[in-house]
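Everything on this sheet refers to the single structure shown next.
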Amino acid sequence: MTILVSVSGLSKTFTLHTQGGTEIDVFDSISLDVRAGECVCLHGPSGAGKSTLLRSLYANYKPDAGRIAVQHDGESIDLVSAEPWEVVDMRRRTIGYVSQFLRVIPRVSTLDIVAEPAIVNGVPSEAAYATGRTLLSRLRIPERLWSLAPATFSGGEQQRVNIARGFMVRYPVLLLDEPTASLDAANRQTVVELINEAKSRGAAIVGIFHDEEVREAVADRLFEVGQSLVRKPRRSTAAREAAA
Amino acid sequence: MKPRGREVLRVKRLFKTFGSVPACRAVSFSLRQGEVLGIVGESGSGKSTLLRCLAGRIQPDDGTVLIASDDYVVDLWAMDEASREQFVPTTVSLIHQNPRDGLRLEISAGGNIAEPLMAAGGRHYGSLRATALEWLEKVDIDGRRIDDLPEVFSGGMQQRLQIARGLATHPRLVLMDEPTGGLDVSVQAKLLDLLRSLVLELGIAVVVVTHDIGVARLLADRLMVMQRGRVIEEGLTDQVLDDPHHPYTQLLVSSVLHV
């Protein structure tokens, strides 16, 4: 199958200037290929850097070295060196991301939040809202909540709104950060179905799934992410800090 | 939705000093149609001065501001004053923090929207009034208030009216200086939603100056962080805020209160 995401030599270090210049080497020289129709589960202990890797694949974090080649519009584009407007376009049409927490404009209704990714892709609003309603129903968000803003929803409800939003567009690449963390069994099952549907239409999926049952049901293979290394501040960083 | 892509604005090594205080030091960036660029930084970092250099209000000491028009590119500070005064109102719109600075308080709400349209050549009373009504509706102001003076509007309504006035002429470049600055938090949220949908619908290029990280996150695709007149960090908004590299940006982000 076609490789949709190809990571090579990816490294990431955080330098915490507000904490004495402490450096955290999260990962070093990671390489990973993800093919169409496959789901790769990032695996490793808490703090190993799974979320950092996932966020790097969305260009939310900036890696220090390496490449993330993503198939976008029939072209291979390196997400690490892409121009901001290219990244915006790739996120709009190619890379979907379901984060753990919903972050939206206050007071916007649930249905509007869910439908938005399709509307910015030019889907007529009638069709976008219809898809949004279907997803919200499948994820068991009661209809009486659709016109309300999700700020006051429970954690599980907010997560399901986030999932509905993430599955609005048939993204070729889908990144999932613990999509079932606070869901009950029935909703976990729905998310498993959504993921498997995405796989069968050829999406390349990278996810973090702590729930073993979910992992078994969706993941084709595990990708081990190692333990990150915390280093004391280097002299030069401390000196920079003092000078600032 | 309008296509994104064409470059609307290019700023090259802009400098401006007030006395001995540098406000802009070697600021360079470009902006495309449909893009929203946020500029954040503490008071006195030079962000408002930069905005005024782009709006044709303050002449920079050095550097270039290129603005693309339909089929030609204009060098804002190389043209003579008369040409600039003709070019700017039809191409660039500045939205002020205080709506009173951007509105004509002595003429009606409808007149406030129609006036810049007339300056751009609109003459037919009926169609001017129809456009004004259309814009009042877009910014969520009851059409029956068309003949009221903005003086009697609430702060949030005044700000929405200023936005309608600023956008009705379809400027290519919209500059916003703390557009949600003086408003209640609840009104802010509504205005943010309005601004976002207008930007999406019209495909305009926007530069928005704010000291509110939350506003920047929700409104801007890209972010520039300024400190003492310099751009110290830039990139996609979520990148800059979630993975800040510069010590000052890290301090700025870690100082935000979470409620």
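Every read-out reported here was derived from the displayed coordinates using simple, explicitly stated rules and does not represent laboratory data. Given the structure is predicted, the values throughout are model-derived calculations rather than measurements. As a convention, Cβ positions derive from the backbone with ideal geometry for all residues, glycine included, and neighbour counts pool all protein chains shown.
Within 10 Å, count the other beta carbons around each residue, average over each peptide in A:174-185, A:194-205, and list them highest first.
Going from most to least packed, we get A:174-185, A:194-205.
Name the residue farthest towards the positive end of the dipole of the range A:104-170 from the options A:Ala115, A:Gln159, A:Ala128, assuming +1 on Cβ of Lys and Arg, -1 on Cβ of Asp and Glu, about the Cα centre.
A:Gln159
Over the Cα atoms of the range A:1-110, what radius of gyration and what Dmax do you get, in Å?
15.4, 47
Which value, in debye to the nearest 20, gives the size of the charge dipole of the range A:104-170 about its Cα centre, when Lys and Arg are +1 and Asp and Glu are -1 at the Cβ?
Using only the charged Cβ atoms, the result is roughly 180 debye.
Sum -39500 (n - 2.57) across every DSSP H segment of at least 4 residues in chain A, then divide by the residue count to get the 222 nm mean residue ellipticity, nearest 500.
-10500 deg cm²/dmol
Straight-line reach from A:Lys199: which aspartates and glutamates have Cα under 20 Å away, leaving out those fewer than 8 places along the same chain?
Counting by Cα, and skipping residues close in sequence, A:Lys199 has these aspartates and glutamates nearby: A:Asp33, A:Glu38, A:Asp73, A:Asp177, A:Glu178, A:Asp211, A:Glu212, A:Glu213, A:Glu216, A:Asp220.
Using modelled amide H (1.01 Å from N, peptide plane; none on Pro or chain starts), what sits under 5 Å from the amide H of B:Asp212, excluding residues fewer than 5 places away?
Distant-sequence amide H within range of B:Asp212: zero hits.
Can you list the residues, at least 5 places off or on another chain, whose amide H is less than 5 Å from the amide H of B:Gly63, using H built in the peptide plane?
Residues meeting the amide H criterion: B:Phe15.
Let me have the relative contact order for the range B:12-59, percent, based on Cα pairs under 8 Å that are six or more residues apart. If you can, show how the numbers build up before the last one.
Details: 44 pairs, mean separation 14.3, N = 48.
Relative contact order of the range B:12-59: 30 percent.
Would you work out the charge dipole size for the protein assembly as shown about its Cα centre, treating the Cβ of every Lys and Arg as +1 and the Cβ of every Asp and Glu as -1, and quote it to the nearest 20 debye?
Using Cβ point charges on Lys, Arg, Asp and Glu, the protein assembly as shown gives about 360 debye.
Suppose R0 equals 51 Å. What FRET efficiency, 1/(1 + (r/R0)^6) with r the Cβ-Cβ distance, do B:Arg123 and A:Arg221 give to the nearest 0.05? Numbers along the way, then the final one.
Working: r = 69 Å, r/R0 = 1.35.
Working from the Cβ atoms, E equals 0.15.
Could you tell me the center-to-center distance, by alpha carbons, between the range A:1-76 and the range B:131-181 in angstrom?
So the two Cα centres are separated by 44 Å.
Taking the Cα centre as origin and putting +1 on Lys and Arg beta-carbons and -1 on Asp and Glu beta-carbons, what dipole magnitude results for the range B:100-193, to the nearest 20 debye?
Details: 11 positive and 14 negative charges, 68 e Å.
The dipole magnitude comes to about 320 debye.
Share of Cα-Cα pairs in the range A:104-170 beyond 14 Å, in percent?
50
Before anything else, pin down the relative contact order of chain A: Cα pairs under 8 Å, at least 6 apart, normalised by residue count, whole percent. Each step should come with its number before you reach the end.
Values: 454 pairs, mean separation 76.7, N = 244.
31 percent.
For chain B, what does the relative contact order come out to in percent, with C-alpha contacts under 8 Å and a separation of six or more?
Reported as a whole number, the value is 27 percent.
Let me know the mean shielding of B:194-205 by other chains, meaning the per-residue number of their Cβ atoms within 10 Å of its Cβ. Display every interim value, and only then the final one.
Details: counts 0, 1, 3, 5, 0, 0, 3, 0, 0, 0, 0, 0.
Going residue by residue through B:194-205 and averaging, the value is 1.
Starting from the Cα gyration tensor of the protein assembly as shown, take the square roots of the eigenvalues, sort them a ≥ b ≥ c, and report rounded, prolate or oblate (rounded when a/c is under 1.5, otherwise prolate if a/b is larger than b/c, else oblate).
Numbers: a/c = 2.01, a/b = 1.37, b/c = 1.46.
Oblate is the answer for the protein assembly as shown, as a/c is 1.5 or above yet b/c matches or exceeds a/b.
Which whole number gives the average, over all residues in B:239-249, of C-beta atoms from other chains lying within 10 Å of the residue C-beta?
4
Packing-wise, with mean Cβ within 10 Å as the measure, how do A:214-223, B:230-239, A:21-30 rank, highest first?
B:230-239, A:21-30, A:214-223
Let me know the mean shielding of A:58-71 by other chains, meaning the per-residue number of their Cβ atoms within 10 Å of its Cβ.
2
What list of ³J(HN,Hα) couplings, whole Hz, do you get for the range B:140-149 from phi and the Karplus terms 6.51, -1.76, 1.60, once you set θ to phi - 60° and write x for glycine and proline?
6, 10, 4, x, 5, 8, 4, 9, 6, 7
In the structure shown, do any of A:Lys12/B:Lys12; B:Lys12/B:Lys47; A:Lys62/B:Lys47 have a Cα-Cα gap over 21 Å, and if so which?
Result: A:Lys12/B:Lys12; A:Lys62/B:Lys47 exceed 21 Å.
Straight-line reach from B:Lys190: which aspartates and glutamates fall under 17 Å, measuring Cα to Cα and dropping same-chain residues less than 8 apart?
Within the straight-line limit of under 17 Å, B:Lys190 reaches these aspartates and glutamates: A:Asp112, A:Glu116, B:Glu137, B:Asp140, B:Asp142, B:Glu178, B:Glu201, B:Asp212.
What are the residues whose amide H is under 5 Å from the amide H of B:Val174, where those residues sit 5 or more places off or on another chain and H is modelled from the backbone?
Excluding prolines and chain starts, which carry no amide H, the hits are B:Ser93, B:Ala205, B:Val206, B:Val207.
Excluding residues fewer than 8 places away in the same chain, name every one of the aspartates and glutamates whose C-alpha is closer than 13 Å to that of B:Lys16.
Straight-line reach from B:Lys16, under 13 Å: B:Asp61, B:Asp62.
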